[in-house]
Amino acid sequence: METALKESYIQKVNRYMGLQREDARISKSYLFVAFVALLLGGILGLLQGLNRAGMLELPYWLNYYQVLTAHGVLLVLVLTAFFTIGYFYAGLSHTLGGLLPKVRKMAWIGFSLKIVGFVFAVIPILLNQASVLYTFYPPMAASPYFYIGLVLIVLGVWMCAFGAFINVAHWRKNNRGQNLPIFSFFATGVFVLLFFGSIPVAIEVFMIIPWAFGWVETINVMLSRTLFWAFGHTLVNIWYLTAVSAWYVIVPKVIGGRRFSDTLTRIVVILLVVMNIPGGFHHQIVDPGISQEVKFLHVFMSLSIAFPSLMTAYAMFSVFERTGRKQGGKGLLGWYKKLPWGDVRFLAPMIAMIAFIVGGAGGIVQSTNQLNQVVHNTMWIVGHFHITVGTSVILTFFGITYWLVPYISNRTLTPKINRLGVIQTFIWTVGMLFMAGSMHYVGLLGAPRRTSYTTYGESATAMGWDPFMILIAIGGVLLIVGVLLQVYAVFHLMFRAPKGKTEFPIAEREEHDTYTPYWTERWGNWIVIMLLLIAMGYVIPIVDFTINAPPGSPPIKTW
Amino acid sequence: MKQSLIGLLLFIVLSLPPVVTLLESIMIIHMHMQMPLLVIAGALFGRYFQIHFPHFWEKWNGNGIPGITLFVIIAVYWSIPRTMDDALTYPSVEVFKFMSLFLLAGVPLYDSWKRLNVTLKNSVFILFTILFLSMGWLYLNVTQQLCNNYLLIDQITLGWGSAAMGVCIAIYLLYTTFTDPSQYE
């Protein structure tokens, strides 16, 4: 009896604190894998940067494209997916009063599927049988086991998405008529995108597998590229939406303020989810086989995503100003000084937001046909995604770790680790300024991406790129220092930091915030609108690629 | 009034010659983007008529059925291939297309929708599901050009697009039929 009472009391406390040990274990495992991936991916990134700058000769058993593939898979697939799921599952558990036992089970099955899938994908990469880069465009063909690994990863992600949906539906049944807590609302949006966004890539991989095994002779290259980018662009926005969730919900609390309008926040999430998937077309803006009119119309679809981003920028700076002024900031910009610049939980996401101003502008450049033709397939693009995912998203993720890891590990953030975090953020920012900045510039000079070191027969133009390549390598060295500090900070906070309670910082609504209409909760409607937009966005090119399909391409191994 | 102004602005933008040329150059964009956008512009503009002529709507469209019937007639009329062809060939038909979708489809749709009960709303959805699925079937199976102005590939694309729209509305109907909002709301 006493044991039963004791258990129920512990459960109650856990529920009140929002942290259940089993739930914490899930998030901890996901974050552990994410940061191991950061370490490995970071080291490979350094090798690649040094090799590209002509400063390091890779050993004969290691190929530049192999390193590039592994770097991409580890950082843009493993790190981001595991972090996103770990972070949102911790938040779902906190805001919905714990995960349901079956959801927990689904998260573990998802974890195992992803790990097994990852092993399947990584072995061919190590054997140099899958140096197809993380975009794996046909007609380059990897070992079929690489693609089977990807299928398992997608299945694992779906498992987690459905787990989240079940938990959300359960909460809504028990809290009728209430708006879903804002953090879980973001999680719902992200998992909706993860599920629907990965359907096209699943179709693509099921086209590729029989082709890679040799059961069918050829593949429709344009169709598979289109399916890839329907997923690829959505993945980009999943990272972005994850970062945005922290900007809207967490950062205001960290700086001692309140959230911006609840309704606006939810509308931003809905808009990003609904308009996202057809946006993938701007990645194919110079692809053949799509008429200019269709490309032109798609520019609107792509640029419409900038609209919620502008709303976010306004909302964030409004929160900063309001909070700074409440804390005594005077004058036009005096409030700036009142923000907690020495707190890594604020500093890292703040720099991330500033980087997004540059990244967003670069994205608009790339969505514009004529400008895209200047930068397409050059190092500019590499610079763009290092400033967006490599800075805006990752610095936000880093900032999150300084409270999330202690929260799930029942430990506390010490001033020493906070200082380390500030230094890490500084090093990362400078490293990225060197690296992404030089990449952008050298791209404008014509340096191609996805190409190992070459001087093109001592061509003067190619030699002119070298100084920038050396700057990229210097940036890479600074970034690996950043990676090491970050990984140390995460594992220290996970296993060594002093025991104690850390808060899951969710900001309150504004005191006089307007009522949030219930229609924001009708996800079924949003999903139908999203499906309509996807159908309208993709029907023209897909019908064209299928009906007027060329004979297709056999598998090609270019490395 | 802001809503009406947005509707009018959208109508003006859609009427600009380069926009007309671009949207009408692709068959599916013509039918599934330009035409619905004209209806949306009309629906937004409908607020103006509601404010200025409340008695007219109350008298003639009290239960919403006359308005929705007019909307359905106009919408179905513009889904006939011949009418699309005529709009591209004769400027007068083009003007009629713009005005009818804006004023005779969009405006009554706005006024009627809130007046309809759930059964009638679902009936409209079912009607359009059947219409779009049948159009999909027709355009995918006919081997001749139905519109002089568009190629066969445009027609097949429109077929797939219409079928996809029909499927999306069917998903919506299934979603509303098989979920019980009272469990959540």
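Values as computed for the structure displayed
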item	result
Per residue value of the accessible surface for segment B:2-183 (all protein chains in place, 1.4 Å probe), Å²	51
Loop trypsin sites (Lys or Arg not before Pro), segment A:301-343, which have at most 11 other Cβ atoms in a 10 Å radius of their Cβ (DSSP)	A:K330
Residue-count net charge about B:R115 - beta-carbon cut-off 11 Å; Lys, Arg +1, Asp, Glu -1	0
Relative contact order for segment B:2-183, counting Cα pairs under 8 Å that sit 6 or more residues apart, in percent	24
Longest segment of chain A lacking GluC sites (Glu not before Pro) that sit in a DSSP loop with at most 14 other Cβ atoms within 10 Å	A:218-457
Peptide-level mean, for A:534-543, of C-beta atoms on other protein chains within 10 Å	6
Rounded to the nearest 10 Å², the accessible area of A:T455 at probe 1.4 Å	30
Carbon + sulfur, % of accessible area of segment A:322-371 - ligands and nucleic acids excluded, 1.4 Å	70
Net charge, A:I408 excluded, C-beta distance under 10 Å - Lys, Arg +1, Asp, Glu -1	+3
Probe 1.4 Å, all protein chains present, accessible-area order of A:Y137, B:Y139, A:Y453, largest first	A:Y453, A:Y137, B:Y139
For segment B:135-170, residues shielded by at least 10 square angstrom of accessible area compared with the chain on its own, probe 1.4 Å	B:I153, B:I156, B:T157, B:W160, B:G161, B:A164, B:M165, B:C168
For residues of B:25-38, the mean tally of beta carbons on other chains within 10 Å	2
In segment A:175-265, the trypsin sites (Lys or Arg not before Pro) that fall in loop regions by DSSP, at most 13 other Cβ within 10 Å	A:R176
Accessible carbon and sulfur surface of segment B:2-183 relative to its total accessible area, %, 1.4 Å	74
Taking chain A and dividing mean pair separation by its residue count, relative contact order in percent (alpha carbons under 8 Å, at least six apart)	19
Shielding by other protein chains, A:166-174, mean Cβ within 10 Å	1
Net charge contributed by nearby residues that have their C-beta within less than 15 Å of A:M311 (K/R +1, D/E -1)	+1
Packing-based order for A:526-534, A:393-401, A:146-154, using average beta carbon neighbours within 10 Å, highest first	A:393-401, A:146-154, A:526-534
Cα-based shape type of the protein assembly as shown, given that a ≥ b ≥ c are square roots of the gyration tensor eigenvalues and the cut on a/c is 1.5	oblate
Helix runs (DSSP H) in chain B reaching 27 Å along axis by Cα, Kyte-Doolittle at least 0.0	B:118-141, B:152-178
Cleavage-rule hits, chymotrypsin sites (Phe, Trp or Tyr not before Pro), segment A:314-347, DSSP coil, Cβ neighbours within 10 Å at most 13	A:W341
Rounded if a/c under 1.5, otherwise prolate or oblate - segment A:51-202, Cα gyration tensor axes	prolate
Restraint check, A:K28/A:K338; A:K295/B:K121; B:K2/B:K59, Cα-Cα greater than 28 Å	A:K28/A:K338; A:K295/B:K121
Chain pair B, A: total accessible area buried, heavy atoms, 1.4 Å probe, Å²	2100
Rg to Rh quotient for segment B:2-183, alpha carbon positions, Kirkwood Rh	0.99
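The values are calculated or read from the model by the stated rules, or taken from the named source; none is laboratory data. What you are looking at is a predicted structure, and each value in this text was computed from that prediction instead of being measured. Cβ sites come from the backbone with ideal geometry, for glycine too, and all protein chains shown count toward neighbours. Accessible surface is based on the protein model in full, side chains and every heavy atom, while ligands, DNA and RNA are left aside. Shrake-Rupley method; radii C 1.70, N 1.55, O 1.52, S 1.80 Å.
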